[in-house]
Amino acid sequence: MSMTTPPGWYPDSAVPGVERWWDGTNWTAHTRQAQTQAQAAYGAPPVTPSTVPSPVVAPAPSARAGRNRAVLIGAVAVAVVAAVVAGVLVIGGDDEENPPTAGPTAVTTTPTAPPTTDGPVEDDDEDKNATRVDDQLNGISLPIVKGWEKPEFYSGPAPTVTTVGTYPCPSGSKECRHGTVSSHAVSRTDASTPEAIAKEDVAAAAKETYEEDILGSLPYGRMTAYKVVAAGPTAVAGRTGYLVRWQVTTDKGPGGYVQSLAFPSPTGSESPVVVRFVFDAGPDGPALAVMDEITRGIRPIGSDTNGGVGSSITPGT
């Protein structure tokens, strides 16, 4: 009584690691990767009756070749296992109970200092010893007169020069300074002449200083009155400008003086520039003559003179 092998996947003796489909009668062209490592590694022949013919795709290897291939594959398998075991030992080196017998050698390096630049090194005392403050945008330079400084921290427009030191504002809400001078470019205005610009800006300066500030506080209470104490054309930075000066009365403190000085920028664009002056009134405030001193000291950037154009024009009262 003869026995037949049922259809199924069986190792292909001609191609190690590959299984071929036996349809119950003949080998077909359908193949797949071996499903077990044992069959793939050693090329074990299918356990089938002798009635199952060998695949016709390629001749079966000789017995000696099969043995040699098995030995080679076995050696490779041993090497792979050894490598895996060594890797496990290294990875498991963090376990204090089972420290690794060998591991990578730590490489330490000594950091080097960063390269130096060719530019100048800024001196912390440079601002303290400065005699001028440059407004690069508008092309002018403001003088730092005696008793004044370039403040290290200031929330107002820049560039700015101020009297040295601060004091509690009359309302006690924050710290104030007895005098500030700042410059800014003119924008968003319908005013086209230095006179119109100065008149418009002095009102804004008085409101920003003596009314509610950007933080919502009232350092001087409220502005209760003002009067124009000076107005007229003047020469500044080699250009003819116009100034307007107000005396402001407040419900707290001695009040103060606000002046706006408008003139064309000495740069090529000659766009309008405003220099604002805010001085405290009373015995602690700067003398009004300092306003004129600072005005005379405004220069184009890089110039040693005030521009050399025009002459002093005494403001009308």
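Residues that are in contact (Cβ under 8 Å) with a residue 60 or more places away in the chain, on the phi > 0 side of the Ramachandran plot and assigned to a loop (DSSP other than H, G, I, E, B) do not occur anywhere in region 162-184. Among the residues making up region 269-301, those that are part of a loop (DSSP other than H, G, I, E, B) and not small (Gly, Ala, Ser) are Glu270, Pro283, Asp284, Pro286, Leu288, Ile298, Ile301.
Test of understanding: among Glu208, Glu195, Glu152, which residue is acidic (Asp, Glu), in contact (Cβ under 8 Å) with a residue 60 or more places away in the chain and either surrounded by fewer than 18 Cβ atoms within 10 Å (Cβ to Cβ) or part of a strand (DSSP E or B) (or both)?
Glu195
No lab work stands behind these numbers, since they all come straight from the coordinates. The model shown is predicted, which means the values in this text are computed figures rather than measured ones. When we count neighbours, we look across all protein chains shown, and the Cβ atoms used for this are built from the backbone with ideal geometry, even at glycine.
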